[in-house]
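Colleague: A single structure is presented below for examination.
The values are calculated or read from the model by the stated rules, or taken from the named source; none is laboratory data. All of these numbers come straight from a predicted model, not from anything done at the bench. When we count neighbours, we look across all protein chains shown, and the Cβ atoms used for this are built from the backbone with ideal geometry, even at glycine.
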Amino acid sequence: MPVKKKAEAVAVEAPKQQKLALSKQQLFHFLRQMRQIRSLEERSAQAYGQGKIGGFCHLYIGQEAVAVGAVAATRPDDYVLTTYRDHGMALARGIQPVAILGELFGRVIGCSKGRGGSMHMFDKQLNFLGGHGIVGGHIALGTGAAFSSKYRGEDRVVLCFFGEGAVHNGGFHESLNLASLWGLPIVFVCENNRYGMGTAVERTTKVVDLHKKAESYGMAHGIVNGMDVLEVYEQSKRAIAGARAGIPCFLEMTCYRFRGHSMSDPVHSHYRTKEEVECYREQDPILLLTEHMKNHGLITDEELSELERQVSAEIRAAMDAALASPEPDPATVFDYIYKNPIRPGTRR
Amino acid sequence: MANLSIRDALNQAMTEEMARDPMVFLMGEEVGAYNGAYKVSKGMLAQFGPQRVYDTPITEGGFAGLGIGAAMTGLRPIIEMMTFNFALQAIDQIVNNAAKMHLMSGGQFCIPIVFRGPNGAAHMLAAQHSQSFESFYAQVPGLKVVTYSDAKDAKGLLKTAIRDDDPVIFLESEMTYGQQGDVPDGEYTIPLGVGEVKRPGTDVTIIAWSKLVGQLALPAAEELAKMGIQAEVVDPRTIKPLDEELIFDSVRKTNRVVIVEENFKFCGVGSEISERIYNRCFDDLDAPVERVTSHDVPMPYAHSLESAVLPNVGRVIEAVKKVLYV
């Protein structure tokens, strides 16, 4: 049986009763967003199978609670950035489904105008600093955004997400050291979905309590059940408040991806068993929140059906609108290489 | 006109730009309290304070990436590499993040950052401290690559690089930080993509940049003049963007070309310049283009071997004689 990691010693612990302090409206928002991500990703998987999406496509199914709970704890002027598994994060940050799907289809309506694709979603207006394709390569960028905030005397915080595979990369360690040394306003969020592609975390490090790595840098840290959106929200809220006061933090959020690493990877291949996947499916973050809301009389079966119907219709409409958008004009192939362009063959 | 060392000219450029724009800051190893490994940033910590001049741990990938993230969010970092040999630790940041961000984001995020520091061989520093990197960086769309050969250009080009909205690789040389030269009084900048004829001539074009202008091209031209050969020395100054027209104008006048660089020969900058000359000036050439480069050898330590690897005045003169058939 797989090791089920539950919340343990949390450096930034919150009282449990805070869960009840969240309004029905807030919980409904969480549920709606998680369902939107799930629906968008399921549609993306279908579209990928139909050849409408090129390249790589890494689905977020199973990890929705991390993006939704953590991003809900930010202010609009805070910065968010993540890895190539970025569709769910983009949606949680507020990028419209049509702009996400448009990017997946390589169309001009895409949030990166069809230049980025699945792995490189950006939105400057929403302070979404991107999806990044090199494992560990973007952690220093987030640290730089936090430096920027402090340099200008602002109190904006950075939420920098990465997978547990990045924790063994120099970029992670160099960034934590600098952030701690200079007291930068950043929360490093490790989405520990247990596998870096097909390599289990136990096969990559002797220190499997990944959050403890922050101790090397004198940084606050904690472990969070990343399948529980309420816990993610609460712990993120506290960590962000600390970061805003100049105390960076490292949160390890234990979660699980229900699909393969990418579209070429089956749901359960030789590196994990069907039983393990089924076991984690019992902790499906959408299921957990739905049960919580039902148990507290916060949602009826009718409201749930209506929500599902709305989300499904919304994503279907977004898909149609994205597919109706044209591909970028080949004549624009040289756009955006430079902000101050070099014009070949011209002087002055 | 003031007579300044290149070190002081670079210092003036940074100081003036930091005084002009509060979003500009300097970061790197030993740039503050130590006054710079080569003293280029001397006095800047005292003048601007620790909120503008940052000493870092030895963590090139970390502070290069931090600089890029700061540039994405509105700052204009100057990142000093103690040498560009160490910047290989940050090559993923420079190539995958700085160069590609503007395109990947559909034009939303530009990266106004300067990576500056010494490039190329100094004196018996052996293999890991002696490489030239112009051709590495010039190959990457999204980067601009700038060199200078005298104090005036050093100051004017560094100020332009700091004001540019794209990532600029600004290549210096520890061998010429002490080289004196006239620098105009008052405010001036030099645009990227505009080269300069450093010595007019009629018989052969010698294309060179960075320290090799002063160390090889001009001394070779003096020697050649004694033999009655008038060499024109053309310094493109910026490798990318490249001032092709200045090169073509000279080639059309002299009909003979020697390209001098410290990069390895294979896929060097001279390969690209040669191709452009062949494409645009084929009928103007009276001889094939000759290239004088470092040999394709990891730099050995011994003086005799280092000298055998690097280009020198003798090899430049030989190449000129070859294209002149003398």
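Colleague: Is one or more of the residues making up region A:268-283 β-branched (Val, Ile, Thr) and touching a Phe, Trp or Tyr at 6+ places or on another chain (Cβ under 8 Å)?
Modeller: Of region A:268-283, the ones β-branched (Val, Ile, Thr) are A:273, A:277.
Then keep just the ones that are touching a Phe, Trp or Tyr at 6+ places or on another chain (Cβ under 8 Å); that gives A:277.
Yes, the conditions are met somewhere in region A:268-283.
Colleague: Here are some residues: A:Ile61, A:Ile95, A:Ile109. Which one is away from chain B (no Cβ under 14 Å) and of a type in the set (A, V, I, L, M)? Steps first, please.
Modeller: Working: A:Ile95 fails: away from chain B (no Cβ under 14 Å); A:Ile109 fails: away from chain B (no Cβ under 14 Å).
One residue alone meets the criteria, A:Ile61.
Colleague: Right, here's the next one. Looking at the structure I just gave you, is A:Ser180 closer than 22 Å to A:His138 by Cα and assigned to a helix (DSSP H, G or I)? Walk me through it before giving the result.
Modeller: Working: closer than 22 Å to A:His138 by Cα: yes; assigned to a helix (DSSP H, G or I): yes.
Yes: the conditions hold for A:Ser180.
Colleague: Before we move on, is A:Gly170 away from every other protein chain (no Cβ under 12 Å) and surrounded by fewer than 24 Cβ atoms within 10 Å (Cβ to Cβ)? It would help to see each step written out before you state the result.
Modeller: Numbers: away from every other protein chain (no Cβ under 12 Å): no; surrounded by fewer than 24 Cβ atoms within 10 Å (Cβ to Cβ): yes.
Here the answer is no, as A:Gly170 does not meet what is asked.
Colleague: Same structure again: Is there any pair linking a residue in region B:100-127 that is within 14 Å of chain A (Cβ to nearest Cβ) to one that is among the acidic types (Asp, Glu), with Cβ under 6 Å and at least six apart or on different chains, and which?
Modeller: Listed pairs, sorted by first residue: B:Cys110/B:Asp165; B:Pro112/B:Asp165.
Colleague: Being part of a helix (DSSP H, G or I), crowded, with 22+ Cβ neighbours inside 10 Å and either in the same structural domain as B:Val40 (by TED's automatic domain parsing) or touching an Asp or Glu at 6+ places or on another chain (Cβ under 6 Å) (or both): is that true of B:Tyr148 here? Step through it out loud before you land on a result.
Modeller: Values: part of a helix (DSSP H, G or I): no; crowded, with 22+ Cβ neighbours inside 10 Å: yes; either in the same structural domain as B:Val40 (by TED's automatic domain parsing) or touching an Asp or Glu at 6+ places or on another chain (Cβ under 6 Å) (or both): yes.
Considered against the rule, which asks whether it is part of a helix (DSSP H, G or I), crowded, with 22+ Cβ neighbours inside 10 Å and either in the same structural domain as B:Val40 (by TED's automatic domain parsing) or touching an Asp or Glu at 6+ places or on another chain (Cβ under 6 Å) (or both), B:Tyr148 comes out as no.
Colleague: Would you check if B:Ile6 is of a type in the set (A, V, I, L, M, F, W, C) and within 11 Å of chain A (Cβ to nearest Cβ)? First the steps, then the outcome.
Modeller: Values: of a type in the set (A, V, I, L, M, F, W, C): yes; within 11 Å of chain A (Cβ to nearest Cβ): no.
The answer is no for B:Ile6.
Colleague: Shifting gears a bit: When the residues of region A:173-183 are narrowed to those that are touching a Gly at 6+ places or on another chain (Cβ under 8 Å) and either of a type in the set (A, V, I, L, M) or touching a residue at least 60 places away in the same chain (Cβ under 8 Å) (or both), which ends up surrounded by the fewest Cβ atoms within 10 Å (Cβ to Cβ)?
Modeller: Step one: filter region A:173-183 for residues touching a Gly at 6+ places or on another chain (Cβ under 8 Å), giving A:174-175, A:177-178, A:180, A:183.
Filter again for either of a type in the set (A, V, I, L, M) or touching a residue at least 60 places away in the same chain (Cβ under 8 Å) (or both), leaving A:178, A:180, A:183.
Details: A:Leu178: 26, A:Ser180: 20, A:Gly183: 14.
So, considering only residues that are touching a Gly at 6+ places or on another chain (Cβ under 8 Å) and either of a type in the set (A, V, I, L, M) or touching a residue at least 60 places away in the same chain (Cβ under 8 Å) (or both), the one surrounded by the fewest Cβ atoms within 10 Å (Cβ to Cβ) is A:Gly183.
Colleague: Does A:Thr332 fit the bill of being more than 14 Å from chain B (Cβ to nearest Cβ) and either over 30 Å from A:Val201 (Cα atoms) or touching a Cys at 6+ places or on another chain (Cβ under 7 Å) (or both)?
Modeller: On the way: more than 14 Å from chain B (Cβ to nearest Cβ): no; either over 30 Å from A:Val201 (Cα atoms) or touching a Cys at 6+ places or on another chain (Cβ under 7 Å) (or both): yes.
No; evaluated as a whole, the condition is false for this residue.
Colleague: (1) under 26 Å from A:Asp265 (Cα atoms); (2) in contact (Cβ under 8 Å) with a residue 40 or more places away in the chain; (3) crowded, with 24+ Cβ neighbours inside 10 Å; (4) within 14 Å of chain B (Cβ to nearest Cβ): which one isn't true of A:Gly116, the others all being true?
Modeller: Unmet condition: (2).
Colleague: Scan region A:290-297 and tell me whether some residue there is assigned to a loop (DSSP other than H, G, I, E, B) and within 14 Å of chain B (Cβ to nearest Cβ).
Modeller: From region A:290-297, those assigned to a loop (DSSP other than H, G, I, E, B) are A:296-297; that's our starting set.
Narrowing further to those that are within 14 Å of chain B (Cβ to nearest Cβ): none.
Among the residues of region A:290-297, not one is assigned to a loop (DSSP other than H, G, I, E, B) and within 14 Å of chain B (Cβ to nearest Cβ), which makes the answer no.
Colleague: Would you say A:Ala140 is within 23 Å of A:Cys190 (Cβ to Cβ), away from chain B (no Cβ under 12 Å), crowded, with 20+ Cβ neighbours inside 10 Å and in contact (Cβ under 8 Å) with a residue 12 or more places away in the chain? It would help to see each step written out before you state the result.
Modeller: Numbers: within 23 Å of A:Cys190 (Cβ to Cβ): yes; away from chain B (no Cβ under 12 Å): no; crowded, with 20+ Cβ neighbours inside 10 Å: yes; in contact (Cβ under 8 Å) with a residue 12 or more places away in the chain: yes.
Criteria not met by A:Ala140.
Colleague: State the number of residues belonging to region A:224-249 that are assigned to a strand (DSSP E or B) and buried (at least 24 other Cβ atoms within 10 Å of the Cβ). Steps first, answer last, please.
Modeller: Going through region A:224-249, the residues assigned to a strand (DSSP E or B) turn out to be A:224-225, A:249.
Now restrict to residues that are buried (at least 24 other Cβ atoms within 10 Å of the Cβ): A:224, A:249.
Total satisfying the criteria: 2.
Colleague: In region B:165-195, which residues are among the charged types (D, E, K, R), touching a strand residue (DSSP E or B) at 6+ places or on another chain (Cβ under 7 Å) and farther than 17 Å from B:Ser210 by Cβ?
Modeller: Here is the first cut: in region B:165-195, the ones among the charged types (D, E, K, R) are B:165-166, B:172, B:174, B:182, B:185, B:187.
Still in the running and touching a strand residue (DSSP E or B) at 6+ places or on another chain (Cβ under 7 Å): B:166, B:172, B:174, B:182, B:185.
Those that are among the charged types (D, E, K, R), touching a strand residue (DSSP E or B) at 6+ places or on another chain (Cβ under 7 Å) and farther than 17 Å from B:Ser210 by Cβ: B:Asp166, B:Asp182, B:Asp185.
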